[in-house]
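Data block below; observations after.
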Amino acid sequence: MNTPVFSRVGIVGTGAMGRGIAQIAAQAGSTVRLYDTQPDAVAKAREALSAQWDKLVHKGRLTREQADSHVSRVPPAATLADLADCDLVIEAIVERLDVKKTLFAELEGIVRPDAILATNTSSLSVTAIAAGLKHPGRLAGYHFFNPVPLMKVVEVIAGLKTDAATGQRLTDYARQMGHTPVQAADTPGFIVNHAGRGYGTEALRIVGEGVTDFVTVDRILRDQVGFRLGPFELFDLTALDVSHPVMESIYRQYFDEPRYRPSVITAQRLAGGVLGRKSGEGFYRYLGGSAQVAPEPAAPQVAELPPVWVSTRAARRAELYQLLKDLGARIETGQSPSPQALTLVAPLGFDVTTVAVVERLDPARTVGIDLLIEDAATRRRVLATNPATRSDMRDAAHALFARDGKPVSVIHDSGGFVTQRVVAHIVNIAADMCQQRVCSPQDLETAVTLGLGYPLGPLAMGDRWGPANMLEVLFNLQTVYGDPRYRPSPWLRRRGAIGLSLLHEEA
């Protein structure tokens, strides 16, 4: 084993985060001194760590000798003074600025002048935590994610006065512990919690408009985009007493920036104690730990399908024609639809109502289909009606697009359907993070894929489905809703306009 960057590491706080950091630090060869204000908490933490290493021995991932060696490197600290000879002290305690500042002020009088101090804060300003220290240059943010041994990313955050050498040593140590370090500016939410604002908040907005329900949004985003969990499944997993305050905090810290606006839906559910899995009920009900989800309704049975006419302005028009042929549709090719035809539109960003009016189509026979993503790459099709769409036309469209067995979701009218809205919002927030120099484009992609488990990084997502398409969706959403929430970031607007990858950094 290589000599660790920090031979002696102190950890203050023995919750899940503190234990996780202790585990990977000990495995990297450091002596890790655990301290907690509750003496019995340290003993319990050491027992939990020993049990964790025992499991790894049983799985054949550690030898008995390695496990025993790791345990021996985690001695208890009875007082803060026992951390005096540590090279690094990491704080993993309650998210309260006053408590953290008091702790570091005390530690500064205990540890050596060359020791580094690190805060695992997820939401507080590193600069504010370091304020008042005699040597703020030696304090940095070191934000790990739970469960630490499995979540292989750590944000290294420089405060306003953090020395470059401090961040570099923490970066080197993260790699030694088997984690991937990313560099973040000291901004609200840093990288992962900031980039994650697009997914849940836009899904909440969609449901809040009555476009569709929680379950359908989750199905669409899993099956069309490839997210492992839908946003409401994710809310239930993280619990609203954690996720809603983060939404409010980042929104307020950015002085009510509309892109991060929280939702009354989660505020109300938090107030009512409907928190998610841990309370047995959230957006789903849980029995035995399993979400109870009603089966998806079958596609309607339609005796005879009407002919189909496709808008000349439809996205992926050639692909849509081929899909209709494959499904056995009777396709009309005239300049306008016959009085009997089902009229299909495939807008980017606009709602079905707006398209029907602009293109002078009969809204009663007009249905929209979301084709931001090529049909072959999805496991679900999404149709949208407008307020005037006849039920027979809605059912005919549903039956037609379900002919090959692919699931179909039918939603009410919405600018950008579901996928377009959520994907464009994710991409736009990520682009603006790069514009603000919160982090490099590559660090953003790494942090999001490792920290949030997205199928693609947000900038790669924008490149995959087209920066110009993302711009079109956002501009049109702004037209439909009149909300500055959807204004495109200059980073996205400029790169989309000249055909550059969103990952491109200026020279």
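Anything in segment 54-92 that is acidic (Asp, Glu) and more than 16 Å from Pro39 (Cα to Cα)? List them, or say none. Selection gives Asp54, Glu65, Asp68, Asp85, Asp87, Glu91. Looking at segment 27-46, can you tell me whether even one residue there is under 24 Å from Thr63 (Cα atoms) and acidic (Asp, Glu)? There is no residue in segment 27-46 that is under 24 Å from Thr63 (Cα atoms) and acidic (Asp, Glu). Residues of segment 144-158 that are open to solvent by less than 10 Å² (accessible area, probe 1.4 Å) and not acidic (Asp, Glu): Phe144, Val148, Val153, Val154, Val156, Ile157.
Here Arg379 meets the list (1) within 34 Å of the chain's Cα centre (by Cα); (2) surrounded by fewer than 21 Cβ atoms within 10 Å (Cβ to Cβ); (3) of a type in the set (D, E, K, R); (4) under 22 Å from Pro307 (Cα atoms) almost entirely, failing just condition (4).
Of all the numbered requirements in (1) modelled with pLDDT of 95 or more; (2) closer than 29 Å to Ser249 by Cα; (3) not aliphatic (A, V, I, L, M), Glu95 misses one, and that requirement is (1).
From the list Ala356, Ala271, Ala364, Ala341, the one residue that fits, being at pLDDT 95 or above, under 30 Å from Asp483 (Cα atoms), small (Gly, Ala, Ser) and open to solvent by less than 10 Å² (accessible area, probe 1.4 Å), is Ala356. Among the residues of segment 86-114, those identified as part of a helix (DSSP H, G or I) and more than 30 Å from the chain's Cα centre (by Cα) are Thr102, Leu103, Phe104, Ala105, Glu106, Leu107, Glu108.
For segment 265-322, a residue qualifies if it is farther than 30 Å from Leu372 by Cα, of a type in the set (Lys, Arg) and assigned to a helix (DSSP H, G or I), and the qualifying residues are Arg269, Arg277, Lys278. From the list Glu319, Glu296, the lone residue that is in contact with a helix residue (DSSP H, G or I) (Cβ under 9 Å, 6 or more places away or on another chain), touching a residue at least 12 places away in the same chain (Cβ under 8 Å), within 25 Å of Glu202 (Cβ to Cβ) and among the acidic types (Asp, Glu) is Glu296.
Here is a list of conditions, (1) surrounded by 14 or more Cβ atoms within 10 Å (Cβ to Cβ); (2) closer than 23 Å to Ala377 by Cβ; (3) out of contact with any strand residue (DSSP E or B) (no Cβ under 7 Å at 6 or more places or on another chain), and Leu324 meets all of them except one; can you say which number that is? So the condition that Leu324 fails would be (3).
Going by the conditions given, is Val89 in contact with a helix residue (DSSP H, G or I) (Cβ under 6 Å, 6 or more places away or on another chain) and within 30 Å of Pro188 (Cβ to Cβ)? In short, yes. Residue count for segment 46-94, restricted to those that are of a type in the set (A, V, I, L, M) and closer than 24 Å to Leu170 by Cα: 14.
Scanning segment 385-410 for residues that are outside any helix (DSSP H, G or I), open to solvent by less than 40 Å² (accessible area, probe 1.4 Å) and either of a type in the set (Asp, Glu) or in contact (Cβ under 8 Å) with a residue 40 or more places away in the chain (or both) turns up Ala402, Val408, Ser409. Flag not set for Asp413, criterion: modelled with pLDDT of 95 or more, open to solvent by 20 Å² or more (accessible area, probe 1.4 Å) and part of a helix (DSSP H, G or I). Going by the conditions given, is Ala84 closer than 14 Å to Gly10 by Cβ, out of contact with any helix residue (DSSP H, G or I) (no Cβ under 8 Å at 6 or more places or on another chain), at pLDDT 95 or above and not β-branched (Val, Ile, Thr)? Judged against the criteria, Ala84 is a match. Say whether the condition of being touching a Pro at 6+ places or on another chain (Cβ under 8 Å), open to solvent by less than 30 Å² (accessible area, probe 1.4 Å) and within 24 Å of Ala376 (Cα to Cα) is met by at least one residue in segment 187-202. Yes, because at least one residue in segment 187-202 is touching a Pro at 6+ places or on another chain (Cβ under 8 Å), open to solvent by less than 30 Å² (accessible area, probe 1.4 Å) and within 24 Å of Ala376 (Cα to Cα). Restricting to segment 242-262, name every residue that is closer than 20 Å to Ile206 by Cβ and surrounded by fewer than 19 Cβ atoms within 10 Å (Cβ to Cβ). Glu248, Glu257, Pro258, Arg261 - these are the residues of segment 242-262 that are closer than 20 Å to Ile206 by Cβ and surrounded by fewer than 19 Cβ atoms within 10 Å (Cβ to Cβ). Just one of the listed residues (Val225, Val215) is among the β-branched types (Val, Ile, Thr), farther than 22 Å from Ala25 by Cα and open to solvent by 30 Å² or more (accessible area, probe 1.4 Å), and it is Val215.
The values are calculated or read from the model by the stated rules, or taken from the named source; none is laboratory data. As the structure is a prediction and not an experimental result, all values here were calculated from the model. Positions of Cβ are backbone-derived with ideal geometry, glycine not excepted, and every protein chain shown enters the neighbour counts. The protein model used for the area step is the full one, side chains on, heavy atoms only, and it has no ligands, DNA or RNA in it. Shrake-Rupley method; radii C 1.70, N 1.55, O 1.52, S 1.80 Å.
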